[in-house]
Amino acid sequence: MPRLVVVTGGPGSGKSTLVGQLSALGHATQPEAGRAIIQDQVAISGRALPWADPELFAELMLAWDLRSYRAAAGRDTVFDRGIVDTVGYLRMLGRPVPPHLRNAALTFRYHRRVFAAPPWPEIYEHDAERRQSLGEAERTYEAVVAAYAEHGYEAVTLPRAPVAELTAFLIEAAGLAPVR
């Protein structure tokens, strides 16, 4: 059975760097939905942005994550966030979670262990897509970890360490197959 492994956490905690390193080493990965959606929506003057229409933004993230899930079929894959992250995102905002999103989180399952990158103030930076404050990043971390626990996952906290050390930790802890 392929391992579909999620790396989750708040913004600016090193998730994408870790997933990028795994990809560079030859592991199958799926990128984060949020950043790409923001870039696309800004390019087309769209409204599906977290600061303009969070519900529409969440719908696009769900669609992206469902596509990513299907694209990973049959092989070990590491995801930069997963479907359950969108549940946590909406809850953090105090918005209702639509029934179809709850159904998706229960239907499309990942490896029982998810890897949570804790807030890391020393590396946190704002950029064009990451407008959240460090406090919002911390609340996001708490919300997504709680959402994964509620959906029956075990959250493994990633150590704050150099990317090579994090990569080795995740490969071993997730039981990923060696890359050929």
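Each reported figure results from applying straightforward, stated rules to the coordinates on display, with no laboratory input. Quick caveat, the model's predicted, so the values are computed rather than measured. We place every Cβ from the backbone using ideal geometry, glycine too, and count neighbours over all the protein chains shown.
Tell me the trypsin sites (Lys or Arg not before Pro) within segment 1-96 that lie in a loop according to DSSP and have at most 15 other beta-carbon atoms within 10 Å. Hits after loop and neighbour filter: Arg47, Arg75. Comparing Ser45, Ser133, Ser16 in a Gaussian network model of the chain (Cα springs below 10 Å), the most mobile by mean-square fluctuation is Ser45. So which residue, out of Val87, Val163, Val42, gets the largest mean-square fluctuation from a GNM of the chain using Cα contacts under 10 Å as springs? Of Val87, Val163, Val42, the most mobile in the Gaussian network model is Val42. Between Gly9 and Ala117, the built amide H atoms are under 5 Å apart, and every one of these is 5 or more places off in sequence or on another chain. Of the chymotrypsin sites (Phe, Trp or Tyr not before Pro) found in segment 19-76, those that fall in a DSSP loop while having at most 13 other beta-carbon atoms within 10 Å are Trp51.
Residues in segment 75-87 carry Karplus couplings, in order, of 8, 4, 9, 10, 9, 8, 6, x, 4, 5, 4, 5, 4 Hz; the curve used is 6.51 cos²θ - 1.76 cosθ + 1.60 with θ = phi - 60°, and Gly or Pro positions show x.
Which of Met1, Met61 comes first, and how do the rest follow, when ranked by fewest Cβ neighbours within 10 Å?
On the way: Met1 6, Met61 24.
So the residues, fewest neighbours to most, are Met1, Met61.
Overall shape: rounded for segment 4-174, with the ratio a/c of the largest to smallest alpha carbon gyration tensor axis below 1.5. Applying a DSSP loop filter and a limit of 11 other Cβ atoms within 10 Å to the GluC sites (Glu not before Pro) in segment 1-97 leaves nothing. Each of Pro162, Gln30, Pro98 was placed along the dipole of segment 4-174 (beta-carbon charges, centred on the mean Cα), and the one lying farthest toward the positive end is Pro98.
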